[in-house]
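The values are calculated or read from the model by the stated rules, or taken from the named source; none is laboratory data. All of these numbers come straight from a predicted model, not from anything done at the bench. No Cβ is skipped: glycine too gets one built from the backbone with ideal geometry, and neighbour counts run over all protein chains shown.
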Amino acid sequence: MTASNAILPLIIDTHCHLNLYPDPDALAARVAGDRMTVNLVTNTPDDYVQCKTRFAKPCAIRPSLGMIPQHIQELAGCIDHYCELLRDTRYIGEIGLDYVTECEDERRLQRKILERILAECANQGDKIISIHSRRAADDVLAMVGRDFPGTIILHWFSGSEASLNRACDTICFSINTAMVRSRRGKVLIRAMNPDRILTETDGPFIHIGERAAEPRDLRLVIDFLAREWQCSQIDAARRVQQSYQRATVGIAAAPDDVSSCACTTPSES
């Protein structure tokens, strides 16, 4: 086994739209074969319910309950149902704010829904949450606050360095292959606390050449981090894995916790 392949079981993809790939079942089989761990983020509550059934095995694929902000006008009516489903899982995402829209009414609705979701998550206190913050980093950071009782992961952070510096030490950032290939992405990664860096594909929306990025492509991210940190790929992968473990330690296990599965995947405690 090459060093590049040896790191695969250490990698946790914290933000992957696995159900949106052309052949999700084939990709799920490759993830299982690579012994990787994937947090499968969804766009709607209905998607989450379907994924809970479809990807019940392998157990290292963890469906996450999402309500994507770009479609909030269509989804806002589902918020009560969403909050009922929150009791079913500790994995939350994709949620957040997206200020690409210039409609202030839509932005206000996004904030209202995110505030409700975060309040419910804080009340339950056992959530691992992947948050979208495009052009809205300051508002997201203000809504999360400094003492949120759970794990906050800002996925594909694209805010300013000033916003990054305002983020409290408990917030994590998931980085992807697009970020390690762009000048701006590299600047932001270098400004992040290394012990708060996690990995994500955000597939199938990010591409490697002509194809959608897959979880195993996170070897490229680990290789970048190894060069930045001047260490081996194995050591870089272990450091990121340990960062995830530290970020989620002490969170009460819910029924879908990977620890209840028989297969071997990175521990969360």
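Per-structure values
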item: Test set (1) exposed (fewer than 14 other Cβ atoms within 10 Å of the Cβ); (2) within 26 Å of Pro22 (Cβ to Cβ) - Ser174 fails condition number; result: (1)
item: Condition met for Asp46 (surrounded by fewer than 20 Cβ atoms within 10 Å (Cβ to Cβ), of a type outside the set (S, T, N, Q) and without any contact (Cβ under 8 Å) to a residue 40 or more places away in the chain); result: yes
item: Residue that is nearest to Trp156 (Cα to Cα), among those in the stretch 49-74 that are out of contact with any strand residue (DSSP E or B) (no Cβ under 8 Å at 6 or more places or on another chain) and in contact (Cβ under 8 Å) with a residue 40 or more places away in the chain; result: Ile72
item: Residue in the stretch 23-36 that is crowded, with 21+ Cβ neighbours inside 10 Å and under 21 Å from Arg134 (Cβ atoms) present; result: no
item: Members of the stretch 130-179 found to be part of a helix (DSSP H, G or I) and not hydrophobic (A, V, I, L, M, F, W, C), listed by number; result: Asp138, Asp139, Glu161, Ser163, Asn165, Arg166, Thr177
item: Options Arg134, Arg116; residue that is in contact with a Phe, Trp or Tyr (Cβ under 9 Å, 6 or more places away or on another chain), under 22 Å from Leu188 (Cβ atoms) and surrounded by fewer than 23 Cβ atoms within 10 Å (Cβ to Cβ); result: Arg134
item: Counted residues, the stretch 88-125 - those being modelled with pLDDT of 95 or more, under 20 Å from the mean Cα position of the chain (by Cα) and not β-branched (Val, Ile, Thr); result: 19
item: Leading residue by the ranking (nearest to the chain's Cα centre (by Cα)) among those in the stretch 31-63 that are of a type in the set (Asp, Glu) and within 24 Å of Leu75 (Cβ to Cβ); result: Asp47
item: Thr201 in a loop (DSSP other than H, G, I, E, B), closer than 13 Å to Leu220 by Cβ and touching a residue at least 24 places away in the same chain (Cβ under 8 Å); result: yes
item: Selection status of Thr14, polar (S, T, N, Q), on the phi < 0 side of the Ramachandran plot and either assigned to a loop (DSSP other than H, G, I, E, B) or surrounded by fewer than 18 Cβ atoms within 10 Å (Cβ to Cβ) (or both); result: no
